1. Quick one: in segment 80-95, which of the residues that are more than 12 Å from the chain's Cα centre (by Cα) and open to solvent by 40 Å² or more (accessible area, probe 1.4 Å) is farthest from F12 (Cα to Cα)?
2. Return the pairs, sorted by first residue and then second, in which the second residue is open to solvent by less than 50 Å² (accessible area, probe 1.4 Å) and among the basic types (K, R), the first residue lies in segment 57-78 and is under 19 Å from L17 (Cα atoms) and assigned to a loop (DSSP other than H, G, I, E, B), the beta carbons are less than 6 Å apart, and the residues are 6+ apart or on different chains.
3. Take the conditions among the small types (G, A, S), open to solvent by less than 60 Å² (accessible area, probe 1.4 Å) and either over 22 Å from F10 (Cβ atoms) or without any contact (Cβ under 8 Å) to a residue 60 or more places away in the chain (or both) and apply them to S37. Does it pass?
4. Against the condition polar (S, T, N, Q), open to solvent by less than 40 Å² (accessible area, probe 1.4 Å) and at pLDDT 95 or above, how does S65 come out, does it pass?
5. Using the structure shown, decide if S48 is free of Cβ contacts under 8 Å to residues at least 40 places away in the same chain, more than 18 Å from L17 (Cα to Cα), of a type in the set (S, T, N, Q) and exposed (fewer than 14 other Cβ atoms within 10 Å of the Cβ).
6. So if I check each of D63, D56, which one is farther than 16 Å from F12 by Cα and either under 12 Å from the mean Cα position of the chain (by Cα) or not hydroxyl-bearing (S, T, Y) (or both)?
7. Among (1) open to solvent by 60 Å² or more (accessible area, probe 1.4 Å); (2) modelled with pLDDT of 95 or more; (3) hydroxyl-bearing (S, T, Y), there is one condition S54 misses while meeting the rest; what is its number?
Amino acid sequence: ESLVRTFTPFYFLVEPLDVLAVRGMSVVMNCSARCESPPRIEWRKDGSFLNLVSDDRRQLLPDGSLLINSVVHSKHNKPDEGYYQCVATVDSLGTIVSRTAKLTVAGK
């Protein structure tokens, strides 16, 4: 019985791209990672993890992409604009982090 550990492929199929969102519309930041055991996908915005469990506007799609419903953008409140990264984790292997994608919001 060989005890040599074989290399397990773990990589992004799709990474998020810079996107121009429109205030009040929805937008998707794409992400999908591939591994034998399904990776856990999380999203970071401006370096901090988003808590999507208690978020009524932002949700994780089955493929790992991030859906933002009705983008919010005003002079004093710009919660959606910023820099996003997709973070994929497989407990036995570790974590991979996607490229950084910028979300910019355009007015109506």
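1. Restricting to residues being more than 12 Å from the chain's Cα centre (by Cα) and open to solvent by 40 Å² or more (accessible area, probe 1.4 Å), the top hit is E81.
2. Partner pairs satisfying both residue conditions: N69/R57.
3. Yes.
4. yes
5. yes
6. Numbers: D63 fails: farther than 16 Å from F12 by Cα.
From the options D63, D56, the qualifying one is D56.
7. Result: S54 passes all but (2).
The values are calculated or read from the model by the stated rules, or taken from the named source; none is laboratory data. Treat the numbers as computed from the prediction; the structure is a model and nothing was measured. Please note: Cβ atoms are built from the backbone with ideal geometry, for glycine as well, and neighbour counts cover all protein chains shown. Note: areas computed on protein heavy atoms with side chains; ligands, DNA, RNA excluded. Shrake-Rupley method; radii C 1.70, N 1.55, O 1.52, S 1.80 Å.
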